[in-house]
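*Asks:* One structure follows; several queries about it will come next.
Just so you know, all these numbers are worked out from the coordinates, no wet-lab data involved. Model, not experiment: these values are computed from the prediction. Cβ placement follows ideal geometry from the backbone for every residue including glycine, while neighbour counts extend to all protein chains displayed.
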Amino acid sequence: MSRDLKSWLLLILLACIWGSSFILMKRGMISLDGSPIFSDTQVGALRMSIAGLVMLPFGWMARKKITSMKQVLSLLVVGIFGNFFPAFLFTFAETKLSSGLAGMLNSFTPFFTLLIGWMIFKQGLKWQQVIGLVIAFGGIVLLVGLGDTTTSQEDFIYIGAIMLATVMYGTSLNTIKHILSAFKSWEITALAFSLVAIPAWLSSYFTGTFEVISTNKYALEGLGFITILSVVGTCLALVIFNRIIALKSAVFASSVTYVIPIVAVLMGVMFLKETFHLLQLAGMLVVISGVFIANTARSK
């Protein structure tokens, strides 16, 4: 199988995994019958705690690969900016914003990946990439629907939270591509999560997560969804994600954020019986076209 074909297949698989993460986050906060379970900070803390626990043995195996303090600091950047802080920012945003709007805002990640790569890492900027990303973002607007993105002034703090998370994602992606290219994808994931495992468990303790587990009758239900989110939607997904970066590029890998809303819409139609409009179909076609244009740009 060629590198290009493998990259596209992994990108589609990753979009399917991450496309379900918004629902899993909400199910961690609210039970199937609408009762509250964990708070947004508790969901973020649990997500990182479980992922850190799962990846800790693999991180111990990969520890000998670290040979310099620069690599340690770079892995900390990936762990903190690429995983730890965004886990809290997204659950915080989803207490107010719809999953569709959150997915649309998440699609700013390729913009910041491209911008940070150009400004900090001196990566060549190709106009074809810029044009493709702009086209894809226009498709996201069509896909989500302008009517669903109407927000009040009070919502801008939640929008800002996701925008900040996408800046962090862009920083993490470029760090992986330009500094940690000697590491395998599973090594980056394992080491990054191992480094943030202790802060994650401390966050779970100080936010009262364990008290909720012992007192809330829906806690096991919520914990089940968060565990799936942690193991599949975080650990496995990031191994795939880092592999895509190694095979292709950071910008290509970040293009998954354009495909995620497509998966979210299809899941809503199939499992939540949501309505599907022709405008959304047009949006999907525009998104796919934009991603294809951006990622067929020839390297200098």
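*Asks:* Which of PHE81, MET119, GLY28 sits farthest toward the positive end of the charge dipole of the chain, with +1 on the Cβ of Lys and Arg and -1 on the Cβ of Asp and Glu?
*Replies:* MET119
*Asks:* Going through the DSSP H helices of the chain, which span 30 Å or more along their own axis at the Cα atoms while scoring at least -0.5 as a mean Kyte-Doolittle hydropathy?
*Replies:* On the way: long enough: 40-62 (32 Å, 0.93); 156-178 (33 Å, 1.00); 185-206 (32 Å, 1.15).
Span-like helices here: 40-62, 156-178, 185-206.
*Asks:* Which one of VAL43, PRO110, TRP60 has its Cα pushed farthest toward the positive end of the charge dipole of the chain, where Lys and Arg give +1 and Asp and Glu give -1 at the Cβ?
*Replies:* It is TRP60.
*Asks:* In whole Å, how far is the Cα centre of segment 175-247 from that of segment 23-64?
*Replies:* Segment 175-247 and segment 23-64 have Cα centres spaced 7 Å from each other.
*Asks:* I would also like to ask the following. Suppose every K and R has +1 on its Cβ and every D and E has -1 on its Cβ; what is the size of the dipole of the chain about the Cα centre, in Debye to the nearest 20? Can you show the working numbers first?
*Replies:* Working: 20 positive and 11 negative charges, 281 e Å.
The dipole of the chain has a size of about 1360 debye.
*Asks:* If you don't mind, there's one more thing I want to ask. Tell me the Rg and the Dmax, in Å, that the Cα atoms of segment 3-294 produce.
*Replies:* Computed over the Cα atoms of segment 3-294, radius of gyration and Dmax are 18.4, 55 Å.
*Asks:* Sticking with this structure for a sec: Of LYS96/LYS122; LYS126/LYS184; LYS6/LYS122; LYS70/LYS96, which pairs sit farther than 30 Å apart, going by alpha carbon to alpha carbon?
*Replies:* Details: LYS96/LYS122 37 Å; LYS126/LYS184 27 Å; LYS6/LYS122 27 Å; LYS70/LYS96 38 Å.
From LYS96/LYS122; LYS126/LYS184; LYS6/LYS122; LYS70/LYS96, over 30 Å: LYS96/LYS122; LYS70/LYS96.
*Asks:* Taking the dipole about the Cα centre of the chain, with the C-beta of Lys and Arg at +1 and of Asp and Glu at -1, give me whichever of SER230, THR91, MET270 is farthest to the positive side.
*Replies:* SER230
*Asks:* Any idea how far apart GLN71 and ILE131 come out in nm if each label point goes 7 Å out from Cα toward Cβ?
*Replies:* It is 4.1 nm.
*Asks:* Here is a follow-up. How high is the FRET efficiency from MET61 to GLU211, r the C-beta distance, R0 35 Å, rounded to 0.05? It would help to have the intermediate numbers written out before the result.
*Replies:* Details: r = 34 Å, r/R0 = 0.97.
After rounding to 0.05, the efficiency reads 0.55.
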